[in-house]
Each structure stands twice: as C-alpha cells, then as structure tokens.
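Working notes, beginning with the structure itself.
The values are calculated or read from the model by the stated rules, or taken from the named source; none is laboratory data. Note that the structure is predicted; figures quoted are calculated from it, not measured. Here the Cβ positions follow ideal geometry from the backbone for every residue, glycine too, while neighbour counts run over all protein chains shown. These accessible areas exclude ligands, DNA and RNA; they are computed on the full protein's heavy atoms, side chains included. Shrake-Rupley method; radii C 1.70, N 1.55, O 1.52, S 1.80 Å.
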Amino acid sequence: MAENLVILSPHFPPHYHRFWIQAKRAGGRTLGIGDTPEEALAPEVREALTDYRAVGDLHDYDALLRTCGGYIQRFGRIERLESLNEYWLDTEARLRDDFNIPGPRTAEIGRVRRKSRMKEVFRAAGLPTAPGRLAHTLEEALAFAAEAGFPLIAKPDAGVGARDTHRLESEAQLAALFAARPAEPWFLEAFVSGALHSFDGLADRQGRPLFTTAHVFSQGILETVREGRDLFYYSLRDIPPGLEDAGLRALSAFAVRERFFHIEFFHTADGAWVPLEINLRPPGGWTTDMFNYSADADVYRAWAELLVRGESDLRYERRYHSGWCGRRRERRYAHTHNDVISRWGHHILLVETVPPVLSGPLGDTGYLFRSPSLEQLRDIARFILQPAG
C-alpha cells in the first residue's frame with residue numbers, strides 16, 4: 001500500500017482536488033507542496049490534503065528537497081509523488097531520483113517530454129510519423145526545410161501543449177524564428193493534414209488499460225490558440241479500430257504504467273493514424289470529467305485506488321458522447337447563456353469559468369454536455385457556438 005503521497009501544486013488546475021480527495025479516501029496521506037499560502041487555498045483543496053507546506057517558489061529545488069525531507073521525518077518514506085501536470089514532470093522525476101520514489105525517473109522522462117525522442121519511440125512501435133528534426137541552427141533548419149518543404153511546424157523540444165508552437169510558411173519566417181531566439185534549438189516537423197483525434201485513458205501497474213476512450217477535435221490545438229478559434233471536442237462511444245490499435249501499440253512502446261495517458265493522432269485522408277505526441281498525465285481541461293460523464297464512471301477514484309492500493313475494480317460502459325465547447329469573451333454569440341440553458345440544460349452537466357492560463361485552447365467559459373446521440377451532441381455545440389449576426 002502506498003501510504004504517503006506528495007502532491008506538487010495541489011491547487012492547480014483548480015478541479016484536481018477531485019484526485020487528491022479520492023486518494024485520501026482510499027487511505028493515503030495526501031501531503032501537498034505549493035507556492036500558495038495555506039489560508040489562500042480553496043476549502044475543497046484544504047479538505048483533500050492531510051498536510052500542506054507552502055514554499056516561496058516551486059522552482060526552488062532546494063526548498064522542495066527540504067520540504068520532502070520534513071515530510072519523511074514526520075510520516076516516513078514517500079511512496080508516490082505526483083502533480084498530474086505536464087509542467088512539473090521534470091521536477092517530479094528529479095525528486096523521485098533523490099528520494100527513490102517509484103514512478104518515471106530522470107533517465108526515462110526525456111522520451112515522453114522531448115518531441116524528438118517521442119518520434120523515435122513511435123517509429124520503433126511501427127507507427128507512421130511525419131518527418132521531423134531537432135535544429136540547433138538556422139542552417140540545420142533550412143537544410144530540413146529543403147527536404148521536407150513548407151509548411152513546417154516548429155515547437156520547443158520539451159514544450160507544453162501548443163505553447164510557443166509556430167506554423168511556418170517560408171524561409172523568411174524560419175529565419176525570423178531563429179533570429180528571435182538564436183540560442184534555442186527547435187523541433188521542426190513536416191505539416192500533416194488530418195483530423196485530430198486522441199486516445200486517452202488510465203493504465204494499471206502492469207501497463208494494462210484500466211480505462212480507455214477517444215476524442216475528436218474541431219481543429220488542432222495550434223489553430224485554436226493561434227487563431228483564437230472556438231473549440232469543440234467530443235468523446236466517441238466506439239473507438240475506431242485503427243486508432244485503438246495505434247494507441248495500444250504506443251502504450252506498449254512507451255511502457256506506460258500506473259498513469260493516465262493522452263496520445264494525439266492525425267487521421268489522414270489515406271486512412272493512416274499518424275501520432276503527434278504522447279502525454280503521461282490526464283488530458284487538459286475538464287476532460288477527466290468527460291471521461292466520467294461518458295461512461296457513468298469515476299476515474300478520480302480509480303486512479304486513487306490504483307495509486308494507493310495497487311488496483312481498482314473500475315467497470316464502465318461508454319453509453320454517451322460527452323462534449324466540450326469553449327466560448328470566448330471577445331466574441332458575440334447568437335444565443336445567450338440563458339438561451340443555452342433553456343434549450344439544452346437537461347444535457348449540460350457543467351458550466352465552468354476557465355482560468356486565464358487555460359483559456360487559450362479552452363475558451364473563457366466552457367460547457368460540458370452529453371448525449372447518447374452524436375448528431376444531437378453536434379446540434380448542442382452548434383447552438384452554443386453560433387455567432388451573432
């Protein structure tokens with residue numbers, strides 16, 4: 001039994017207290033470390049934590065070491081350390097190294113953090129990948145562009161989501177990118193045209209999928225953020241066989257154990273499933289709630305039981321399509337919020353105000369809804385996002 005669980009930044013994302021409260025209910029000690037004073041934590045976060053220690057800056061590694069050491073003196077060995085947040089994966093791995101905590105370590109984290117290494121693993125799994133290369137200089141970038149052609153996608157090798165990702169149409173744009181940050185290598189990739197899907201779920205300690213689902217996105221996250229588009233994405237009741245096969249092969253190749261996973265694929269016109277990237281954390285936003293509402297399940301509890309007790313008896317059936325629509329503050333829509341609730345309120349399960357740091361892809365106000373009918377789900381999305389005029 002994993003009794004002592006250290007949680008980095010337990011207050012963000014704000015709804016992740018649902019993980020920590022379930023870990024506490026499963027019998028774990030939930031030991032938080034954050035950069036927010038304890039009195040400023042939301043009541044539900046304080047309730048979910050057995051103990052909490054604030055540090056001035058979560059980037060201060062020595063402060064994290066001291067705080068973990070204090071927890072060990074008080075409670076004994078740390079059995080697990082998590083944030084479920086991609087931003088802190090490297091810090092988590094380093095702390096696991098120093099305190100001999102089970103889970104991904106520094107030596108292995110690179111292949112799920114660095115886009116260039118991800119591509120190597122996808123290829124080893126026999127999955128088709130777009131040409132890509134890590135370019136340290138403009139000359140290396142121009143050489144790749146001559147081979148792959150434009151447009152190109154440029155992103156930091158260890159970037160988070162679509163942050164600082166660029167679509168480049170010409171050598172001039174490529175040169176401007178390197179001129180702006182000449183010391184930073186960029187991972188360059190040939191542009192792939194296709195519908196964005198994800199294969200998502202939770203793997204048990206043996207690497208077997210405990211829960212799986214799939215999502216379809218109205219457009220790529222890059223286009224959503226860069227162009228400020230409205231985002232609509234939804235779950236599938238039945239996972240396409242090709243996507244499921246590709247996702248399971250990726251899970252095996254990356255040796256995913258005791259973790260959530262979010263694997264993005266482009267479904268191209270010729271029927272191929274081309275992997276974009278893998279993330280060993282819950283999908284962004286309120287997607288874990290979409291997991292639950294689509295199958296009347298509780299993946300928060302399942303994750304907690306898996307982490308604390310080593311197993312979960314989760315049973316589920318994907319009975320609904322669940323969807324998310326994000327509205328933007330600067331846009332005018334044909335239907336007011338009251339119109340939306342009046343027309344579709346019996347299908348809408350959550351209405352959330354999205355924190356600014358997450359609003360780029362998700363919008364400023366999000367609606368989570370479900371229906372057994374995909375056609376009806378799309379009708380709801382059209383109603384919510386219909387522009388004024």
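The condition of being in a loop (DSSP other than H, G, I, E, B), of a type in the set (D, E) and within 18 Å of the chain's Cα centre (by Cα) holds for only one of E258, E311, E264, that being E258. Of the numbered criteria (1) modelled with pLDDT of 95 or more; (2) surrounded by 13 or more Cβ atoms within 10 Å (Cβ to Cβ), the one H346 fails is (2).
Take the residues of the range 107-142 that are of a type in the set (K, R) and farther than 16 Å from L188 by Cα: which is nearest to the chain's Cα centre (by Cα)? By that ranking, first place goes to R111.
Is it true that some residue in the range 67-76 is farther than 23 Å from L306 by Cβ, of a type outside the set (G, A, S) and touching a strand residue (DSSP E or B) at 6+ places or on another chain (Cβ under 6 Å)? Yes, the range 67-76 contains a residue that is farther than 23 Å from L306 by Cβ, of a type outside the set (G, A, S) and touching a strand residue (DSSP E or B) at 6+ places or on another chain (Cβ under 6 Å).
Can E375 be described as among the charged types (D, E, K, R) and either open to solvent by less than 30 Å² (accessible area, probe 1.4 Å) or in a strand (DSSP E or B) (or both)? Taking the combined requirement at face value, the residue does not satisfy it. Of the helices (runs of 4 or more DSSP H) lying entirely inside the range 13-90, those containing at least 1 residues that are surrounded by fewer than 15 Cβ atoms within 10 Å (Cβ to Cβ) and modelled with pLDDT of 95 or more are 43-48, 61-75.
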